[in-house]
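Novice: Shown below is the structure under consideration.
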Amino acid sequence: MWNNNKICNLLNIKYPIIQGGMVYNSGAVLVAAVSEAGGLGLLGSGSMRPEELRSAIGEVRSMTDKPFGVNLPLLFKQAGESLEVALEEDVKIFFTSAGSPKRVANKLKEAGCTLVHVVASPALAVKCEDAGCDAIVCEGFEAGGHNGREELTSLVLTQLCVDAVSIPVISAGGIATGSQMAAMIALGASGVQIGSRFAVTEESSGHLNYKQAVVDGTDTQLVLKKHIPVRLLQNKFRDMITEAELGGADRQKLEQILGTGRARSGMFDGDVVEGELEIGQVAAQIKDIPKVAEVFNRLITDYCEAVKRLGA
Ligand SMILES: Cc1cc2nc3c(=O)[nH]c(=O)nc-3n(C[C@H](O)[C@H](O)[C@H](O)COP(=O)(O)O)c2cc1C
């Protein structure tokens, strides 16, 4: 079915399904499970010290011999060091985000790596193509985690990007079922990147309290839009931020409320009241904590049914 798929061929995977890099969630166990299931797992280096990334790479290799990659948020202060570590460990696939891929494109190309960058606008997609990226991920407003300021939804963004570039487009944001995946493929995307659905699986390194909060909750909102936009599940912390923003709090005040380590305490340590719970709009569709293999079964079965419906 996917023999001629550009993303499967580029990344040497069975299904054009990428597990997005996710701070505190995409550790070695999740990555290996996704790659074993036929997708591409990405280590979330944003929440790892460089030496932790080195051991995570080794752990993945001890669990699977299938392809996997590293997500590198370029604005994070350890990005340069993490990149060196990943290259030393012979990682060949990089998904960069939050910054300009120009900074790393030459180095990665010289090392024979595949480079994919995450964008939130067609203008940035064109810049990625010019910089030599092999593909782009276009991530819409629905997505979990940090988000662009453009507010383009996946349905619009995907179409715009497919029309704007000739490299393959991977659609992200708001995809948790095979039907949603089929919609993006119908728009011309060559694959999908999924975050939230994989964050709430047995293999994700997120805390069980966080996963259960997503199962129990439905309401997400993009907050800190003038600062660093991030989509969060409703809890006391998000209410505090929303109230401060509505009250006209400036950047300094917001940073003071945010403090440090909120994302870790919410998603990794399980403080679901005062911590930051990053998740996408598909939280409303997430009703259980299955194994990764089961998520793949559901995605592929539902995708085939959706395609059949279209045919009929
Ligand atoms: C908990 C969480 C953490 C995330 N962390 C990162 C990250 O470190 N780097 C990154 O590029 N994207 C990050 N993302 C975005 C995902 O890689 C992916 O693009 C997004 O989740 C897709 O949208 P979805 O949540 O609707 O599936 C994160 C998403 C979530 C839900």
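Novice: Within segment 46-67, can you find the residues that are of a type in the set (Lys, Arg) and either more than 16 Å from the ligand (Cβ to nearest atom) or free of Cβ contacts under 8 Å to residues at least 12 places away in the same chain (or both)?
Specialist: Of all residues in segment 46-67, those of a type in the set (Lys, Arg) come to 49, 54, 61, 66.
Across segment 46-67, the qualifying residues are 54, 61, 66.
Novice: Just to verify a result, which residue in segment 132-149, among those that are of a type in the set (Gly, Ala, Ser) and part of a loop (DSSP other than H, G, I, E, B), is surrounded by the fewest Cβ atoms within 10 Å (Cβ to Cβ)? Full working, then the answer.
Specialist: First, the residues of segment 132-149 that are of a type in the set (Gly, Ala, Ser): 132, 135, 140, 143-145, 148.
Narrowing the set further to residues that are part of a loop (DSSP other than H, G, I, E, B) leaves 132, 140, 143-144, 148.
Values: 132: 14, 140: 25, 143: 31, 144: 30, 148: 21.
Going through the qualifying residues, I end up with 132.
Novice: Read through the list (1) within 20 Å of residue 93 (Cα to Cα); (2) touching a residue at least 60 places away in the same chain (Cβ under 8 Å); (3) within 12 Å of the ligand (Cβ to nearest atom), then give the number of the only condition that residue 168 fails.
Specialist: If we test residue 168 against (1) within 20 Å of residue 93 (Cα to Cα); (2) touching a residue at least 60 places away in the same chain (Cβ under 8 Å); (3) within 12 Å of the ligand (Cβ to nearest atom), just (3) comes out false.
Novice: Also: Select the helices (runs of 4 or more DSSP H) contained entirely in segment 194-312, then report the ones holding at least 2 residues which are within 18 Å of residue 24 (Cα to Cα) and either of a type outside the set (D, E, K, R) or more than 14 Å from the ligand (Cβ to nearest atom) (or both).
Specialist: Values: elements: 196-199, 208-216, 236-246, 251-258, 292-311.
So the answer is 196-199, 208-216.
Novice: Suppose we filter segment 1-45 for residues that are among the acidic types (Asp, Glu) and within 12 Å of the ligand (Cβ to nearest atom); how many remain? Give the steps one after another, and end with the answer.
Specialist: Our first condition is that a residue be among the acidic types (Asp, Glu); within segment 1-45, this holds for 36.
Keeping just the survivors that are within 12 Å of the ligand (Cβ to nearest atom) gives none.
Qualifying residue count, segment 1-45: 0.
Novice: Name the single residue, out of those in segment 123-158 being free of Cβ contacts under 8 Å to residues at least 60 places away in the same chain and β-branched (Val, Ile, Thr), that is nearest to residue 17 (Cα to Cα).
Specialist: In this case the residue turns out to be 136.
Residues checked against (1) among the hydroxyl-bearing types (Ser, Thr, Tyr); (2) within 21 Å of residue 119 (Cα to Cα); (3) within 21 Å of the chain's Cα centre (by Cα):
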{"site": "51", "(1), (2), (3)": "no, no, no"}
{"site": "54", "(1), (2), (3)": "no, no, yes"}
{"site": "57", "(1), (2), (3)": "no, no, yes"}
{"site": "65", "(1), (2), (3)": "no, no, no"}
{"site": "73", "(1), (2), (3)": "no, yes, yes"}
{"site": "79", "(1), (2), (3)": "no, yes, yes"}
{"site": "83", "(1), (2), (3)": "no, yes, yes"}
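Novice: Can you report the number of residues in segment 79-90 which are within 12 Å of the ligand (Cβ to nearest atom) and of a type outside the set (A, V, I, L, M)? Talk me through it step by step, then tell me what you get.
Specialist: Our first condition is that a residue be within 12 Å of the ligand (Cβ to nearest atom); within segment 79-90, this holds for 79, 82.
When the remaining residues are screened for being of a type outside the set (A, V, I, L, M), the result is 82.
Qualifying residue count, segment 79-90: 1.
Bear in mind these aren't lab numbers, they're just calculated from the coordinates by the rules spelled out. The structure presented is a predicted model; accordingly, all values stated were derived computationally and were not measured. As a convention, Cβ positions derive from the backbone with ideal geometry for all residues, glycine included, and neighbour counts pool all protein chains shown.
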